[in-house]
1. Check ALA93 against each of (1) aliphatic (A, V, I, L, M); (2) farther than 20 Å from GLU22 by Cα; (3) open to solvent by 40 Å² or more (accessible area, probe 1.4 Å) and name the one condition it does not meet.
2. Test GLU81 against the stated conditions and say whether it is among the acidic types (Asp, Glu), open to solvent by 50 Å² or more (accessible area, probe 1.4 Å) and out of contact with any helix residue (DSSP H, G or I) (no Cβ under 8 Å at 6 or more places or on another chain).
3. Mind listing just one residue for me: the one in the stretch 96-121 that is part of a helix (DSSP H, G or I) and in contact (Cβ under 8 Å) with a residue 24 or more places away in the chain and, of those, farthest from LEU19 (Cα to Cα)?
4. Could you tell me which numbered condition GLU134 fails, if it satisfies all but one of (1) touching a strand residue (DSSP E or B) at 6+ places or on another chain (Cβ under 6 Å); (2) surrounded by fewer than 19 Cβ atoms within 10 Å (Cβ to Cβ); (3) within 12 Å of GLY26 (Cα to Cα)?
5. Can you pull out every residue in the stretch 122-149 that is touching a residue at least 40 places away in the same chain (Cβ under 8 Å), under 17 Å from HIS3 (Cα atoms) and part of a helix (DSSP H, G or I)?
6. Does ALA46 qualify as being assigned to a loop (DSSP other than H, G, I, E, B), open to solvent by 40 Å² or more (accessible area, probe 1.4 Å) and more than 21 Å from GLU127 (Cα to Cα)?
7. Could you list, in sequence order, all residues of the stretch 104-118 that are exposed (fewer than 11 other Cβ atoms within 10 Å of the Cβ) and modelled with pLDDT of 95 or more?
8. Look at LEU98 and say whether it is touching a Pro at 6+ places or on another chain (Cβ under 7 Å), more than 21 Å from ARG142 (Cα to Cα) and buried (at least 24 other Cβ atoms within 10 Å of the Cβ).
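The values are calculated or read from the model by the stated rules, or taken from the named source; none is laboratory data. Not measured: the values here are computed from a predicted model. Cβ: placed from backbone, ideal geometry, glycine included. Neighbour counts: every protein chain shown. For accessibility, only protein heavy atoms count, side chains too; no ligands or nucleic acids. Shrake-Rupley method; radii C 1.70, N 1.55, O 1.52, S 1.80 Å.
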Amino acid sequence: MTHATHMDRALAQARAAALRGEVPVGAVIVSAAGDVVAEAGNRTRAWSDPTAHAEMLAIRAACAALGQERLTGHDLYVTLEPCPMCAAAISFARIRRLYFGAADPKSGGVLQGARVYAHPQCHHAPEVYDGIGEAQSAALLRDFFAGRR
C-alpha cells in the first residue's frame with residue numbers, strides 16, 4: 001500500500017460524510033505493517049457531538065479494536081489538517097506519523113493556528129507530512145461549502 005492508497009480511503013470516508021451532510025473529512029489509521037486498523041468520516045451533526053471528528057472516531061475505533069489506549073507505531077491519514085482538539089488526541093494516542101491533505105488556515109492546529117506539537121507541554125509529536133492528496137481534499141471541501149451557500 002502507498003500513501004496515495006491510504007489517502008484514497010480517507011477521501012472515500014470524506015465523500016461518505018458529505019453525502020450524510022457532514023463536513024467532508026475522512027481519516028484512516030494504519031499499522032506499521034500497512035494494515036488498515038480503523039477508518040471514519042465526520043459525524044458531528046448525525047450524532048449531535050462536537051467531538052465526532054473523523055480523527056477522533058478513527059482513534060477511538062482503532063483503540064477499541066486493539067484493546068489499548070495508545071497507537072504507538074500507527075499512522076493517521078486525514079483529508080484535512082487536524083484541529084487543535086484532534087491534534088491533542090493524536091498526541092495522546094502516540095500516533096507515529098500524521099499525513100494530511102488540505103491545510104486549514106481557519107481551524108488547523110498542526111501547522112496553522114495553535115500549532116499543538118510546537119508547545120513544550122506537548123508530550124508526543126508525530127512526524128507530520130502535509131499535502132498528501134491536497135488537491136482532491138481541498139476540492140471536496142470547496143465543493144461542499146459552495147453547495148451550502
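1. (3)
2. Details: among the acidic types (Asp, Glu): yes; open to solvent by 50 Å² or more (accessible area, probe 1.4 Å): no; out of contact with any helix residue (DSSP H, G or I) (no Cβ under 8 Å at 6 or more places or on another chain): yes.
No: the conditions fail for GLU81.
3. The initial filter retains those residues of the stretch 96-121 that are part of a helix (DSSP H, G or I), namely 116-118.
The next check asks that each one be in contact (Cβ under 8 Å) with a residue 24 or more places away in the chain; those that pass are 116-117.
Working: VAL116: 31, TYR117: 32 Å.
Among those residues, the one meeting the criterion is TYR117.
4. Evaluating GLU134 over (1) touching a strand residue (DSSP E or B) at 6+ places or on another chain (Cβ under 6 Å); (2) surrounded by fewer than 19 Cβ atoms within 10 Å (Cβ to Cβ); (3) within 12 Å of GLY26 (Cα to Cα) leaves (3) as the failure.
5. Matches in the stretch 122-149: GLN136, SER137.
6. Values: assigned to a loop (DSSP other than H, G, I, E, B): yes; open to solvent by 40 Å² or more (accessible area, probe 1.4 Å): yes; more than 21 Å from GLU127 (Cα to Cα): yes.
So ALA46 passes the test.
7. Let us first name the residues in the stretch 104-118 that are exposed (fewer than 11 other Cβ atoms within 10 Å of the Cβ), namely 105-106, 118.
Matches in the stretch 104-118: ALA118 only.
8. It is true that LEU98 is touching a Pro at 6+ places or on another chain (Cβ under 7 Å), more than 21 Å from ARG142 (Cα to Cα) and buried (at least 24 other Cβ atoms within 10 Å of the Cβ).
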